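Below: the structure, in structure tokens.
Every read-out reported here was derived from the displayed coordinates using simple, explicitly stated rules and does not represent laboratory data. Everything numeric in this text was worked out from a predicted model, so none of it was measured. Heads up, the Cβs are rebuilt from the backbone with ideal geometry, glycines too, and the neighbour counts pull from every protein chain shown.
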Amino acid sequence: MSEQTGETRQTVSHTETLIRSRLRDREPTHAGKVREMYDLGDEMLMVTSDRLSAFDVVFPTPIPSKGRVLTQLSVHWFRTLPAASPNHLIAEPDVRWLADHTDEPELHVGRCLRVRKCDPLPIECVVRGRLEGSGWKEYQERGAIQEHALPEGLRLHDALPEPIFTPATKAASGHDENITFEQAERIVGSDVAAMLRRRSIEIFTAARDLLAKAGITLADTKFEFGWCGDELLLIDEVLTPDSSRFLLPGPDGEPVAMDKQFVRDWANRSDWNREYPAPELPEEVVRQTAERYREIARRILGWEVV
Ligand SMILES: Nc1ncnc2c1ncn2[C@@H]1O[C@H](COP(=O)(O)OP(=O)(O)O)[C@@H](O)[C@H]1O
Ligand SMILES: [Mg+2]
């Protein structure tokens, strides 16, 4: 993607994209749509690539800096938001640590996290604070989202009276399915379901209020939790543009989504049938998407992720 020849090696490698991580003498124990997880014995290494998925299909074209944006935002929240603890973050490995584990340490720097090895719960903990996306569609059809009846007359992007917990199953293959709180209770037990709901809403509310002060609207987000012994830890990625809908005021007053909406819009206009394999993304779509990811990171972190 980057043609910045003639720069220092550091700069060049920082602008290279990572489609798939490579550790020395080690295969990932899990390769998801975006990340590879490596078993390091007592702990795990979570590597976030520059892959982008939409409609649950991974595109062949990487988005420069995306993996670093997701990693650095997650680290920020794991470390600074009290409600986001306890969580799985141990440390971000430095280049020297990476040099012991991969032949391309500079390509991996900024996108790797050493995390505690957990047993992920099979539920995605979604919190919605506004009417967006599938929630808006459901509200128009039924005046409710799952079991949450909502007041009449709400419009797209409107705030809900209070944030709602709308879990989904983690489908091993294919699309996640929304479930009611009662179904979640049946899957993980009532006590755990109540704990997941309480913690998810607490994290969402704390982040929403902080972001609002910076002029960013957090519309909805998804958390994952996992057991580490008898501790329930917040795991995976947190409050990133892949897991959340961040809105900024647009020039015409309409909110602009700082995420992969640009790719979804392009895909909807294209003749791709939303099934594997996805087509290469045009350069302009890649550029605009990378810019959105970097811009939201810049606003939240106060520095430039490259
Ligand atoms: N600390 C952890 N211990 C074990 N598994 C984890 C941990 N953190 C995240 N995971 C799991 O690693 C995977 C991350 O890869 P990802 O590409 O996001 O997968 P997916 O395609 O399912 O979204 C997820 O399945 C997530 O549940
Ligand atoms: Mg994921």
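Collect the residues in region 88-128 that are within 16 Å of ligand 2 (Cβ to nearest atom) and assigned to a loop (DSSP other than H, G, I, E, B), keeping them in residue-number order.
If the condition is that a residue be within 16 Å of ligand 2 (Cβ to nearest atom) and assigned to a loop (DSSP other than H, G, I, E, B), then HIS88, ARG111, CYS118, LEU121, PRO122 are the ones that fit.
Go through region 36-58 and count every residue that is more than 15 Å from ligand 2 (Cβ to nearest atom), not small (Gly, Ala, Ser) and not in a strand (DSSP E or B).
Residues in region 36-58 being more than 15 Å from ligand 2 (Cβ to nearest atom), not small (Gly, Ala, Ser) and not in a strand (DSSP E or B): 2 in total.
Quickly run through region 42-100 and pick out the residues that are of a type in the set (Ser, Thr, Tyr) and within 25 Å of VAL286 (Cβ to Cβ).
Scanning region 42-100 gives THR48, SER49, SER53, THR61, SER65, THR71, SER74.
Just to be sure I understand the filter: pairs with C-beta atoms under 7 Å, separated by 6 or more residues or on different chains, first member in region 25-37 and closer than 16 Å to GLU104 by Cα, second member away from ligand 2 (no atom under 14 Å from the Cβ) and polar (S, T, N, Q). Which pairs pass?
Filtered contacts from region 25-37: GLU36/SER21.
One line per residue, one yes/no per condition, for (1) assigned to a helix (DSSP H, G or I); (2) surrounded by 13 or more Cβ atoms within 10 Å (Cβ to Cβ); (3) free of Cβ contacts under 8 Å to residues at least 24 places away in the same chain:
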{"position": "ASP209", "(1), (2), (3)": "yes, no, yes"}
{"position": "GLY215", "(1), (2), (3)": "no, no, no"}
{"position": "ALA219", "(1), (2), (3)": "no, yes, no"}
{"position": "PHE223", "(1), (2), (3)": "no, yes, no"}
{"position": "PHE246", "(1), (2), (3)": "no, yes, no"}
{"position": "LEU281", "(1), (2), (3)": "no, yes, no"}
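Checking the condition within 16 Å of ligand 1 (Cβ to nearest atom), surrounded by 15 or more Cβ atoms within 10 Å (Cβ to Cβ) and either over 19 Å from the mean Cα position of the chain (by Cα) or not in a strand (DSSP E or B) (or both), which residue from ARG299, ARG294, ARG199 passes?
Of ARG299, ARG294, ARG199, the one residue that is within 16 Å of ligand 1 (Cβ to nearest atom), surrounded by 15 or more Cβ atoms within 10 Å (Cβ to Cβ) and either over 19 Å from the mean Cα position of the chain (by Cα) or not in a strand (DSSP E or B) (or both) is ARG199.
State the number of residues belonging to region 104-135 that are within 16 Å of ligand 1 (Cβ to nearest atom), surrounded by fewer than 20 Cβ atoms within 10 Å (Cβ to Cβ) and either without any contact (Cβ under 8 Å) to a residue 40 or more places away in the chain or among the acidic types (Asp, Glu) (or both).
Residues meeting the conditions: 1.
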